[in-house]
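Nothing in this text is a laboratory measurement; each read-out follows from the coordinates by a stated rule. All of these numbers come straight from a predicted model, not from anything done at the bench. Note that we place each Cβ from the backbone using ideal geometry, even for glycine, and neighbour counts take in every protein chain shown.
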Amino acid sequence: MNFTTLDLIIFVGYCILILMMGYLVSREKKGHIKDSNDYFLASKALPWWAVGASLIASNISAEQFIGMSGSGFALGLAISTYEWMAAATLIIVAIFFLPVYLKEGISTMPQFLLKRYDSRVRTVMAVFWLLVYVFVNLTSVLYLGALSLETILGVPLTYGIAGLALFAMLYSIYGGLKAVAWTDVVQVFFLVLGGLATTYLALSIVGSGDVIAGFTSLLKEAPSHFNMIINQGEMMIPDGDGGQRDAYLDLPGISVLIGGMWVINLNYWGFNQYITQRALAAKSLNEAQKGMVFAGFLKLVMPLIVVIPGIAAFVIVNQGVDTSFISSMTDPETGIIKSDRAYPTLLQLLPSGLKGLAFAALTAAIVSSLASMANSTSTIFTLDIYKTFFDQNASENKQVRVGRLTAIIAFIIAAIVAPALSELDQAFQYIQEYTGFVSPGVFAIFIFGFFWKKTTSNAALTAAALTIPLSTAFKFLTPDLPFIDRMGVVFLILSALIIVISLLDGKGKDHPKGIEITKDLFVTSTKFKIGAILISGIIAALYIVFW
């Protein structure tokens, strides 16, 4: 990828802007010492638009730009179900979960578990989250980001991993969530604008300069890539080793609407520290809810930015005319076309100026997510592990220092592990599957903790302890069961266990820490209601059109 002077100016300008903004918003007024509330919750002062922008910037990363485009190349528009169902999930979280969190006055997800259950449940889940954030989330984002640098600029994978980690650390570790959230507002601007530029180019290539003709051509030449519901045996996709496998294993038909996909989405948007932390840092419940609706509208647009380019790349490869494009899509070592190379390959074709903007967008998506994940890792470790087991009387200043050190260590570990992911064809599916080992247990523990007063601590601890063993057992004993269905089955088993153990343990009585739920807790503003109805209507229309 040949960067012109204009590309370089745009990209370097973006980098300087983010670093300067991160530093400026992190500065404290004279005489004010940064405390844990400032560092971990941005002083609880975020307006709705900052909450929404930060939610999307934290969520959209290399796993979407690179990974979801790769899945778009292999699976088609059906992978958009993660985005469109997420928009619906954000509404549910805003109405039913956020009010409970704010009522309980918590800063982290493990803190909620301590208030609702006991220290055992809190500690087990805190450790689970730390492991998932470092070894799945941080690791995969670093790998996919470095893969894009390697494909686009020829930067060796290890140098790319180190460079991205360092950039994310430079602006986020000093300022904490405040630096991350406010820079996310700028990151989203680059992310959307640069992403749309790449989509425009991809459709122009397919349509010989005409974007509308390009989209029409996609519908004509890849009709199977525009089915939202994939039936068993309907579509075969690359397995990453030169063979093929059934796409149904990744997106099992109607299950994506009424099955395990809800476990994925509700767990991610409702009980995930680096997502909920943004809402907990809002000025008020109303601002947090409006921010989530704003994020919901942005989620509806994301497939246009991250999936359509992948489908366009599929059509270009299938046409077989552009040999240089096919060559760039091919792994130099194995000679196999890799789905995850679709987006980086398209970036190489952008004209001067747009190339720098699109590369800035990709970098923005990567480093904003890295910063968010590292900040939440440090938040959970500091507040739920360090303060509990090592120094209960740690000063505010010491908590901030421990948080910064934790983020640095998390980056180092993830950077060491990241190169091991180079064997994957669709890293996005890897992320979904392996976070899905923990998701059923987390979802069961929280949903019963919220809405069933009889749920006991022993029942929650059992679900926490069994979620990974049960998921592992199903993976190896039923290899033909799609992982989304597996998550649904494991959730149902854990739910049954929670009910039985709670009834036996509590002898039918309400748990003393059960949450008092009243109707007035779920009252929302008129603006929120209008936004929620619009989002629901758009989702229904999209599924009707592309069923």
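Each residue of region 386-401 was assigned a 3J(HN,Hα) from its phi angle through the Karplus curve 6.51 cos²θ - 1.76 cosθ + 1.60 (θ = phi - 60°); the sequence is 4, 5, 7, 10, 10, 7, 5, 9, 4, 5, 4, 4, 5, 4, 5, 5 Hz, with glycine and proline shown as x.
For the pair Phe297 and Tyr23, label points projected 7 Å from Cα toward Cβ lie 3.5 nm apart.
Between Val523 and Ser536, the modelled labels are 2.0 nm apart [label points 7 Å from Cα along Cα→Cβ]. Taking a ≥ b ≥ c as the square roots of the eigenvalues of the Cα gyration tensor of region 411-547, is the shape rounded (a/c under 1.5), prolate (a/b larger than b/c) or oblate? The shape class here is oblate.
Over region 316-467, the pair-distance histogram of Cα-Cα distances with 10 Å bins from zero comes to 9, 21, 29, 22, 13, 6, 1 percent, rounded to whole numbers. The lysines within cross-link reach of Lys509, meaning a Cα-to-Cα straight distance under 16 Å and a gap of 8 or more places when in the same chain, are Lys453, Lys454.
Per-residue packing, averaged as other Cβ atoms within 10 Å, sorts the ranges 143-153, 514-524, 291-301 into the order 143-153, 291-301, 514-524, beginning with the highest. Name all residues of region 100-120 having a backbone nitrogen under 20 Å from the label point set 7 Å from the Cα of Ile468 along its Cα→Cβ direction, giving them as ranges. The answer is 109-111, 113-114, 118-120.
Structural descriptor for the chain: relative contact order 30 percent, calculated from alpha carbon pairs under 8 angstrom and at least 6 residues apart.
I'd like the Kirkwood hydrodynamic radius of region 216-304, using the inverse of the mean 1/r over distinct C-alpha pairs, in Å.
16.2 Å
Extending 7 Å from the Cα toward the beta-carbon at both Lys513 and Ile416 defines two label points whose distance is 3.4 nm. Each peptide in 207-214, 115-122 gets a packing score, the mean of other Cβ atoms within 10 Å over its residues, and the list from highest to lowest is 115-122, 207-214.
Using the Karplus relation 6.51 cos²θ - 1.76 cosθ + 1.60 with θ = phi - 60°, the per-residue 3J(HN,Hα) values for region 473-487 come to 4, 5, 4, 8, 7, 10, x, 8, 7, x, 5, 5, 5, 4, 4 Hz, with x marking Gly and Pro.
Put simply, the amide H of Gly353, placed in the peptide plane, has neighbours under 5 Å in Thr4, Asp7, leaving out anything fewer than 5 places away on its chain.
Rank by packing, highest mean first: peptides 267-273, 283-289, 217-223, with packing defined as the count of other Cβ atoms within 10 Å averaged across residues.
Working: 267-273: 24.0, 283-289: 19.3, 217-223: 14.9.
Result, highest mean first: 267-273, 283-289, 217-223.
Among residues other than Gly259 whose Cβ falls under 11 Å from its Cβ, what is the net charge (Lys/Arg +1, Asp/Glu -1)? Charge balance near Gly259 sits at 0. The alpha carbons of the chain stretch over 69, 59, 47 Å along the principal axes, in descending order.
Whose amide H sits under 5 Å from the amide H of Leu46, counting only residues 5 or more places off or on another chain, with H placed in the peptide plane? Sorted by chain and number, the residues that satisfy this are Ala282, Lys283. Contact order, relative form, for region 226-283: 24 percent (alpha carbon pairs under 8 Å, 6 or more residues apart, mean separation divided by residue count).
Couplings 3J(HN,Hα) of region 308-314, computed from phi: 4, x, x, 5, 4, 4, 4 Hz, in residue order, whole Hz [Karplus 6.51 cos²θ - 1.76 cosθ + 1.60, θ = phi - 60°; x for Gly and Pro]. Helical runs (DSSP H, four residues minimum) scored at -39500 (n - 2.57) apiece and divided by the length of the chain put the mean residue ellipticity at 222 nm at -21500 deg cm²/dmol. Near Thr456, the amide H atoms lying under 5 Å from its own belong to Ser502; only residues 5 or more places off or on other chains count, and H is placed 1.01 Å from N.
Computed over neighbours whose Cβ is under 11 Å from that of Ser372, the net charge equals 0, Lys and Arg +1, Asp and Glu -1.
By its C-alpha gyration tensor, with a ≥ b ≥ c as the square roots of the eigenvalues, how is region 212-261 shaped: rounded for a/c under 1.5, else prolate for a/b larger than b/c, else oblate? Mind showing how you got there, number by number?
Working: a/c = 2.76, a/b = 1.31, b/c = 2.11.
Judged from the Cα gyration tensor, region 212-261 comes out oblate (a/c at least 1.5, b/c at or above a/b).
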